[in-house]
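Down below is the structure, laid out as structure tokens.
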């Protein structure tokens, strides 16, 4: 789904998608897996092309697994880039909690991103970039092991000086 010329599209010759940020004052664009699967994590190759031009951290790009694509209030684990500070973060959402930790700032390059829920503690998820362990996040209000999940790529734009060139690209 997309508005304001931000419609997601397939990247020719790949298994990938691109979700550009639209060009109006407020915009939400997303690409979502049509049917889910039980999963304990995911990995993708891609980049978060962003900047610092957004007026707040509500403007963001994200790639994640989630178990509720109807009300969007379930368990989520993945990566988010805030477009007011160009910070890439690992994040967990679930049970009313939203937890993040910064991975890098200003990196718009291509990487291999991976999240893996822990079987021994369903509240913990490990984060990796290019095969290197970055950190573990814990959300005692969430459950991340073996949920029926959907893969989602999305962006939200709520205004700022310019969103030219902001886009999310990923291949599974």
TODO: Could you tell me which residue of the range 27-48 is farthest from residue 122 (Cα to Cα), considering only residues that are at pLDDT below 85 and buried (at least 19 other Cβ atoms within 10 Å of the Cβ)?
DONE: 27
Task: Residue ID - modelled with the lowest pLDDT, chosen from residues in the range 123-158 that are part of a loop (DSSP other than H, G, I, E, B) and over 20 Å from residue 37 (Cα atoms) - done: 158
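Take the range 105-122 and flag every residue that is part of a loop (DSSP other than H, G, I, E, B) and either in contact with a strand residue (DSSP E or B) (Cβ under 8 Å, 6 or more places away or on another chain) or closer than 27 Å to residue 51 by Cα (or both).
Step one: of the range 105-122, the residues part of a loop (DSSP other than H, G, I, E, B) are 106-110, 118-122.
Scanning the range 105-122 gives 106, 107, 108, 109, 110, 118, 121.
Mind listing whichever residues of the range 79-97 are part of a strand (DSSP E or B) and within 13 Å of the chain's Cα centre (by Cα)?
Kept after step one, since they are part of a strand (DSSP E or B), are these residues of the range 79-97: 79-82, 87-94, 97.
If the condition is that a residue be part of a strand (DSSP E or B) and within 13 Å of the chain's Cα centre (by Cα), then 79, 80, 81, 82, 87, 88, 89, 90, 91, 92, 93 are the ones that fit.
Looking only at the range 47-71, filter to residues that are in contact with a strand residue (DSSP E or B) (Cβ under 7 Å, 6 or more places away or on another chain) and part of a loop (DSSP other than H, G, I, E, B); which one of those is nearest to residue 136 (Cα to Cα)? Outline the logic, then answer.
First pass over the range 47-71, keeping only residues in contact with a strand residue (DSSP E or B) (Cβ under 7 Å, 6 or more places away or on another chain): 47-50, 53-55, 57-67, 69.
The next check asks that each one be part of a loop (DSSP other than H, G, I, E, B); those that pass are 50, 53, 55, 57-59, 67, 69.
On the way: 50: 24, 53: 29, 55: 29, 57: 22, 58: 24, 59: 25, 67: 20, 69: 25 Å.
Among residues in the range 47-71 that are in contact with a strand residue (DSSP E or B) (Cβ under 7 Å, 6 or more places away or on another chain) and part of a loop (DSSP other than H, G, I, E, B), the one nearest to residue 136 (Cα to Cα) is 67.
The values are calculated or read from the model by the stated rules, or taken from the named source; none is laboratory data. All values reported here derive from a predicted model rather than from experimental measurement. Using ideal geometry, Cβ is built from the backbone for each residue, glycine included, and neighbour counts are taken over all protein chains shown.
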